[in-house]
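K.L.:
Provided herewith is a single structure, encoded as C-alpha cells, for subsequent inquiry.
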Amino acid sequence: GTRRTYKLENEKLFTEFLELCRAQTGEHPEVVPFLAGRFARAGPAFVASAEFRNVLGRCLARARTRHAKKLYVYINELCTVLKAHSARRKLPLLP
Amino acid sequence: VPVTMDDDDDDDDPENRIAKKMLLEEIKANLSSD
C-alpha cells in the first residue's frame, strides 16, 4: 500500500541524509547517532507518512544543493519534527 | 577603506551556527539525563 511505500522510501531517504551528515559532521561524531536515535523513537505512523516524506525530501535536497552551509539547520529541523512525533508518550497519572 | 574580516570561518552561516549550537546543547542535555 501507499503507507508501506512511504515507509520504505522514507527509510531510504533518511539513510541518505545520515550518510551526508556522517560525511560532513566529522568534528561532532555524536550528531549522527543522536539523529538516528530520534528516528528510531519516532512513531511508526509518522515514519510512514507523506508529511515526513516532504520534510525529509526538502532537507535532503537543500543539504545537497547548498552543501554544508546550512546542514545543521536541516539536522535541527529533522530532530525537532521527529521529537514532536516521538512514539514515547508519558504515562497517564493514576487516579 | 580596507575591509577587515573576523578570524572565524567566513563561510560559516549565522543561521547554521545557531542551529549547530542548539543541537549540540540538546545532545549534551540528553546525554546527561540518561
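The values are calculated or read from the model by the stated rules, or taken from the named source; none is laboratory data. Please read all numbers here as calculations on a predicted model, not as lab measurements. Methodologically, a virtual Cβ is constructed for each residue, glycine included, from the backbone with ideal geometry; neighbour enumeration extends over all protein chains shown.
K.L.:
Working only within the range A:19-47, note down all residues that are within 12 Å of the chain's Cα centre (by Cα) and more than 26 Å from residue A:69 (Cβ to Cβ).
P.N.:
Hits for the range A:19-47 are A:40, A:41, A:42, A:43, A:46, A:47.
K.L.:
Spot the failing condition for residue A:95; the list is (1) in contact with a Lys or Arg (Cβ under 7 Å, 6 or more places away or on another chain); (2) surrounded by fewer than 14 Cβ atoms within 10 Å (Cβ to Cβ), and only one is missed.
P.N.:
Single failed check for residue A:95: (1).
K.L.:
Among the candidates A:36, A:42, which residue alone is within 18 Å of residue B:24 (Cβ to Cβ) and either out of contact with any Ser or Thr (no Cβ under 8 Å at 6 or more places or on another chain) or more than 14 Å from chain B (Cβ to nearest Cβ) (or both)?
P.N.:
A:36
K.L.:
Just the residues that are part of a loop (DSSP other than H, G, I, E, B), modelled with pLDDT of 90 or more and within 14 Å of chain B (Cβ to nearest Cβ), please, taken from the range A:67-95.
P.N.:
Passing the criteria: only A:70.
K.L.:
For the range A:22-55, enumerate the residues that are closer than 14 Å to residue A:83 by Cα and touching a helix residue (DSSP H, G or I) at 6+ places or on another chain (Cβ under 7 Å).
P.N.:
Of everything in the range A:22-55, those that are closer than 14 Å to residue A:83 by Cα and touching a helix residue (DSSP H, G or I) at 6+ places or on another chain (Cβ under 7 Å) turn out to be A:34, A:35, A:36, A:38, A:39, A:42, A:46, A:47, A:52, A:55.
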